[in-house]
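Shown next, in structure tokens, is the structure this report addresses.
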Amino acid sequence: NDYKEGRADWAQYTERFRREMECDSCIAEMKRIWDLSQTKDVYLVCFEKDGENCHRHILMDMMAERFGR
């Protein structure tokens with residue numbers, strides 16, 4: 001909510017989100033999603049409108065960086 005309420009800019013939000021996602025359970029879940037996406041369509045959904053900054057894009061980038069493109 002810090003980003004949505006103007007207490008953090010997108011760069012600060014991105015840095016914090018990435019840091020929070022660097023735990024074992026998050027990495028394991030990202031791997032599970034990545035592996036599933038190699039054989040099936042996977043949809044990450046959110047409440048943000050298309051074109052707005054959204055953590056889904058950060059998450060997709062993180063998975064691609066960690067597990068391949």
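The values are calculated or read from the model by the stated rules, or taken from the named source; none is laboratory data. Fair warning: this is a prediction, and the values are worked out from it, not measured in the lab. Here Cβ is always computed from backbone atoms with ideal geometry, including for glycine, and neighbour counts include all displayed protein chains. To get the accessible areas, we keep the full protein, side chains included, count just its heavy atoms, and leave off ligands, DNA and RNA. Shrake-Rupley method; radii C 1.70, N 1.55, O 1.52, S 1.80 Å.
A Förster distance of 30 Å, applied to the separation of the beta-carbon atoms of E5 and I33, puts the FRET efficiency at 0.60. In terms of the mean number of neighbouring beta-carbon atoms within 10 Å, the peptides 13-26, 32-45 order highest first as 13-26, 32-45. Put simply, the amide H of Y3, placed in the peptide plane, has neighbours under 5 Å in A8, leaving out anything fewer than 5 places away on its chain. So what is the calculated 222 nm ellipticity per residue for the chain, using -39500 (n - 2.57) for each DSSP H run with n of 4 or more, over all residues, to the nearest 500 deg cm²/dmol? Counting only the DSSP helices, I get -17500 deg cm²/dmol. With a 1.4 Å probe and all protein chains left in place, how much of the accessible area of region 1-61 comes from carbon and sulfur atoms, in whole percent? Within region 1-61, the accessible surface is 50 percent carbon and sulfur.
Each label was represented as a point 7 Å from its Cα along the Cα-to-Cβ direction; for D41 and D61 these points are 2.6 nm apart. Summing +1 for each Lys or Arg and -1 for each Asp or Glu among the other residues whose beta-carbon sits under 15 angstrom from that of D9 gives 0. Look at the alpha carbon pairs under 8 Å that are at least 6 residues apart: their mean separation over the length of the chain gives a relative contact order of 31 percent. Dividing the convex hull volume of the alpha-carbon atoms in region 10-69 by its residue count gives 93 Å³ per residue.
Using a probe of 1.4 angstrom and keeping all protein chains present, the accessible surface of the chain works out to 78 square angstrom per residue.
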